[in-house]
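Q: Structure below; questions to follow.
None of the figures in this text is laboratory data; all of them are computed from the coordinates on show. None of these values were measured; they are calculated from a predicted model. Please note: Cβ atoms are built from the backbone with ideal geometry, for glycine as well, and neighbour counts cover all protein chains shown.
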Ligand code: HEM
């Protein structure tokens, strides 16, 4: 699917958000061998919270914002309502991120609320932009509803996170801090990130494998409704101090929603018209498996006495963040970044001379080796968290290898931003924008 003329935002705007995402991931990976032991020993210590947000806000949040600015107008076939605002919001986002990170890592607690507030302003603008696009879209499908719900979960999750930041300064939440932290984590990870990733996956997998028409809108929508309502019930249940059973029921709703989504994506793959194994596919399969395991763990955790004090909770958060979300981001990034940079550099040359094919812009074998190494670390560390394996910093070697190989490919792709690469063999332009 080619973007319709007039829908695209100047490419440097999403690219800036994506750059922050890549750099944050690199920083997070470099720190992993030192932080992983502390994460297990003292998950709520300030350095660990700072390290976690380098991944969740710095990498995942920035990537969602950057990719949304570029892809949502294409998916909904409406122009992005505020490209200039998205441009300067980047400065708010990065200043907010730096201040928030310094606040936790250096324990300058007075910086937490200002940093969080800047991040929140950007998330609110993002939700308003998505709402405006969904409102004016000619056709609202399951993807649109996923993105809309997810964007408002980001705002709610931020509101709760802001209260948590404040309580670190003046203790306003008192003894309720721990359950409210649970509401923040569920709202951000399940409500914002998982819903966004599933919505985006339906669109992207359809485009990459020519299976767009195979998506059953009703089943995709049902899955989204289950996940969103489960998240809402958990957040409301925690905030209103409800009994435990509605929360456990809600974790079941989320798990069923995730399984439905996975079945739908599996069906799209089976019925795809482009039969070759695309680079994103092994990443997507690993990510969906990680998501499924984490969703099942969520049900078990909801039965624990103090869920946030359980090793299983840390393991589930670890698996969903590193084994599902980051893996999906890595896989999709191969496709999205090559396509966007190809459009910028080679679309004006198409038909006038030789241009490279998309998969010549990176090394597929390195992408797969990187995925294998990453997966090894994710599993070994998860098993250490549940005390099946001893905890060694060496387990992080796979994260480093996976990260280095991914960055090697990202740099290879990014070089095309600055003009045609002479060493790439001349071939006709790609058949379609996938
Ligand atoms: C955007 C603004 C955000 C703010 C203001 C914020 C705020 C906070 C605060 C203050 C805490 C620490 C609570 C404590 O004192 O223990 C926290 C913890 C946490 N947040 Fe956020 N957060 C934000 C975004 C996110 C996102 C996007 C995610 C996930 C996708 C996330 C996931 C977590 C997790 C997993 C923890 C627990 C960390 C640990 O145990 O070490 N947060 N958040």
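Q: From Cα coordinates alone, what are the radius of gyration and Dmax values for the chain in angstrom?
A: In order Rg, Dmax, the Cα atoms of the chain give 20.9, 68 Å.
Q: Cut-off is 10 Å between beta-carbons; in what order do 38, 212 appear when sorted fewest neighbours first? Intermediate values should be presented prior to the final figure.
A: On the way: 38 13, 212 17.
Placing the least packed residue first, the sequence is 38, 212.
Q: Now a separate question. What is the gain in length, in nm to one decimal, between residue 364 and residue 128 on full extension, counting 0.36 nm per residue of separation less the C-alpha to C-alpha distance? Present the calculation step by step, with values, prior to reporting the outcome.
A: Numbers: separation 236, 0.36 × 236 = 84.96 nm, distance 3.78 nm.
Stretched fully, the residue 364-residue 128 segment lengthens by 81.2 nm.
Q: Could you check the spin-label model distance between residue 400 and residue 30? Points 7 Å from the Cα along Cα→Cβ, value in nm.
A: Once both label points are built, they end up 1.3 nm from each other.
Q: Once the Cα atoms of helix 280-301 and of the chain are each reduced to a long axis, what angle between those two axes, in degrees from 0 to 90 to the nearest 10, is obtained?
A: 10 degrees
Q: Label residue 263 and residue 11 with points 7 Å out from Cα along Cα→Cβ: what is the distance between them in nm?
A: Going by the 7 Å Cα→Cβ label model, 4.1 nm.
Q: Still on this structure, I have one more. Rounded to the nearest 10 degrees, what's the angle between the helix 397-414 long axis and the longest principal axis of the chain, both from Cα atoms, 0 to 90?
A: Relative to the chain, helix 397-414 is tipped by roughly 40 degrees.
Q: Pull out the extension gain between residue 236 and residue 273, defined as 0.36 nm times the separation in residues minus the alpha carbon to alpha carbon distance; nm, one decimal. Don't jump to the answer; show the numbers that get you there.
A: Values: separation 37, 0.36 × 37 = 13.32 nm, distance 4.29 nm.
Net length gain for the segment: 9.0 nm.
Q: While we're on this one: Sort 310, 151, 242 so that the residue with the fewest other Cβ atoms within 10 Å of its own Cβ comes first and the one with the most comes last. Intermediate results must be reported in sequence, preceding the final value.
A: On the way: 310 17, 151 26, 242 13.
Neighbour counts put them in this order, fewest first: 242, 310, 151.
Q: Taking only C-alpha pairs under 8 Å that are 6+ residues apart, what is the relative contact order of the chain in percent?
A: Details: 604 pairs, mean separation 60.3, N = 434.
With pairs under 8 Å counted, the relative contact order is 14 percent.
Q: Still on this structure: Fewest first, what order do 141, 305 take by the number of other Cβ atoms within 10 Å?
A: Details: 141 17, 305 7.
Ascending number of Cβ neighbours within 10 Å: 305, 141.
Q: Also: By how many degrees, 0 to 90 and rounded to 10, does the Cα axis of helix 83-105 deviate from the longest principal axis of the chain?
A: Here the helix axis deviates by roughly 40 degrees.
Q: Using the Kirkwood radius over C-alpha pairs as Rh, can you work out the diffusion coefficient of the stretch 223-309 via Stokes-Einstein at 25 °C, viscosity 0.890 mPa s, in µm² per second?
A: Working: Rh = 14.3 Å.
Result for D is 171 µm²/s.
Q: Nearest 0.05, what FRET efficiency do residue 312 and residue 38 give at R0 = 22 Å with Cβ-Cβ as r? Don't skip to the end; give the middle numbers.
A: Working: r = 19 Å, r/R0 = 0.85.
Given R0 = 22 Å and the Cβ-Cβ separation, E is 0.70.
Q: Could you compute the FRET efficiency for residue 412 and residue 92, with r as their C-beta to C-beta distance and R0 at 22 Å, rounded to 0.05? Don't jump to the answer; show the numbers that get you there.
A: Working: r = 31 Å, r/R0 = 1.43.
Calculated transfer efficiency: 0.10.
Q: Using helices alone, what [θ] at 222 nm do you get for the chain, with -39,500 (n - 2.57) per DSSP H run of 4 or more residues, divided over all residues and rounded to the nearest 500? Intermediate results must be reported in sequence, preceding the final value.
A: On the way: 15 runs with 296 residues, N = 434.
Helix-only estimate at 222 nm: -23500 deg cm²/dmol.
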